[in-house]
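Okay, so here's the structure we're looking at.
The values are calculated or read from the model by the stated rules, or taken from the named source; none is laboratory data. This structure is a prediction, so every number in the text was calculated from the model and none was measured. Cβ: placed from backbone, ideal geometry, glycine included. Neighbour counts: every protein chain shown.
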Amino acid sequence: MLSTRLDSALATFAARRRKSIDTGPIPSSPLNTSRATVELFDSGSDHPCVIFVPDGPNVIANYEPLVGLLRERFRVVCFDMPGFGYSTPAPQYDHSLDQGAATVIAVMDELKISSAILAFSCANGLYALRVAQLAPHRVTQLVLSQTPSLAAMHAWSKRIVPYAVHLPVLGQVVAWVARRQAASRWYAAALPKASATEPFKNPAMHSLNHGGCFCLAGVVQGLGREDVRRFEQISAPCTIVWGDLDRSHKLTDPTSILALVPHAQIIHFQDCGHFPDLEQPERFAQVLMQCAQAATFPSNQ
């Protein structure tokens, strides 16, 4: 597919600017998989594992507060999905549910993680749901932020993302040219009014200015091709954390996720926008720890 090859080529071109990857206080390193060179942080311990995936343009560095809060009780893994941050997608990576889920499982296999809590957000939560569907024994809990149903995500994308970005090839070019501007503007729209955007925006802009990528068109097109009937028989315990002040999702029904996971618990962070896990890390950590108390973790050794 020409659009996926173009995404890969542009991300590879950007990567040539990297002299070294500086993710600040969270050191990361590349992990080669068949679908991407994945940039990854692993706290490395025998504790139960929780895996975070940033919701682009957020990157690994945005998760410093949560890593600090959780690493004494969990093995904390955080990696950029292919096409975001410093994770460079392979030419065949199409951001489909299956490709995204396979990437998550490949990372778990490489790190010898038998099962984990998947704490993903927004569209990435759909990849977590697909992992739970394809490999239920690998997922002890789903703790998802700002993830609606696939149908609701399609509607959100049509409302929020410019039409040109939905078009293969043209979308890749438009998203590449506008990636810094789009990332900067996104924080103003996604966070509550009067919120300081710099603590969230600065790590993302640092990444983009030092060879990071933001393949927005790829994920919009990849998930846009998915049939809304893909999800069935998801049995993993699931908690949804929803930021009520997310203006981008003001027309999205957070209970739409119940069409995919009828047993999901929905917790509202009434003072948060699009990133409740990052805006209120202490509160989110408490939710995650409460979920973990009910989880059964096989040995990750």
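Tabulated results
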{"quantity": "Residues that are closer than 21 Å to Gly125 by Cβ and in a loop (DSSP other than H, G, I, E, B), drawn from the stretch 145-171", "calculated": "Gln146, Thr147, Pro148, Ser149, Val161"}
{"quantity": "Residues within the stretch 98-118 that are surrounded by 18 or more Cβ atoms within 10 Å (Cβ to Cβ), touching a strand residue (DSSP E or B) at 6+ places or on another chain (Cβ under 8 Å) and in a helix (DSSP H, G or I), tallied", "calculated": "4"}
{"quantity": "Thr33 over 29 Å from Gln280 (Cβ atoms), in contact with an Asp or Glu (Cβ under 6 Å, 6 or more places away or on another chain) and among the β-branched types (Val, Ile, Thr)", "calculated": "no"}
{"quantity": "Breaking point among (1) outside any helix (DSSP H, G or I); (2) of a type in the set (D, E, K, R); (3) buried (at least 24 other Cβ atoms within 10 Å of the Cβ), for Asp7", "calculated": "(1)"}
{"quantity": "Residue check for Lys158: among the charged types (D, E, K, R), at positive phi, surrounded by fewer than 23 Cβ atoms within 10 Å (Cβ to Cβ) and more than 15 Å from the chain's Cα centre (by Cα)", "calculated": "no"}
{"quantity": "Total residues in the stretch 229-252, condition surrounded by fewer than 22 Cβ atoms within 10 Å (Cβ to Cβ) and under 21 Å from Leu97 (Cβ atoms)", "calculated": "10"}
{"quantity": "Leading residue by the ranking (nearest to Val143 (Cα to Cα)) among those in the stretch 237-253 that are among the polar types (S, T, N, Q) and not in a loop (DSSP other than H, G, I, E, B)", "calculated": "Thr239"}
{"quantity": "The stretch 123-137 residues that are of a type in the set (Val, Ile, Thr), paired with ones that are outside any helix (DSSP H, G or I) (beta carbon under 8 Å, 6 or more apart)", "calculated": "Val131/Leu118; Val131/Val139"}
{"quantity": "From Val219, Val174, residue being in contact (Cβ under 8 Å) with a residue 40 or more places away in the chain and either more than 19 Å from Gly125 (Cα to Cα) or surrounded by fewer than 18 Cβ atoms within 10 Å (Cβ to Cβ) (or both)", "calculated": "Val174"}
{"quantity": "Filter result (without any contact (Cβ under 8 Å) to a residue 60 or more places away in the chain and buried (at least 24 other Cβ atoms within 10 Å of the Cβ)) within the stretch 61-79", "calculated": "Val76, Cys78, Phe79"}
{"quantity": "Qualifying residues in the stretch 60-85 (those that are part of a loop (DSSP other than H, G, I, E, B) and either of a type in the set (Phe, Trp, Tyr) or in contact with a Leu (Cβ under 9 Å, 6 or more places away or on another chain) (or both)) - the one nearest to Ala182 (Cα to Cα)", "calculated": "Gly83"}
{"quantity": "Candidate set from the stretch 249-301 (those that are modelled with pLDDT of 95 or more and of a type in the set (Gly, Ala, Ser)); member that is nearest to Pro48 (Cα to Cα)", "calculated": "Ala285"}
{"quantity": "Where Ile234 falls short, out of the listed (1) out of contact with any Cys (no Cβ under 8 Å at 6 or more places or on another chain); (2) within 27 Å of Leu111 (Cα to Cα); (3) outside any loop (DSSP other than H, G, I, E, B)", "calculated": "(3)"}
{"quantity": "Counted residues, the stretch 181-198 - those being loosely packed, with under 15 Cβ neighbours inside 10 Å and at negative phi", "calculated": "7"}
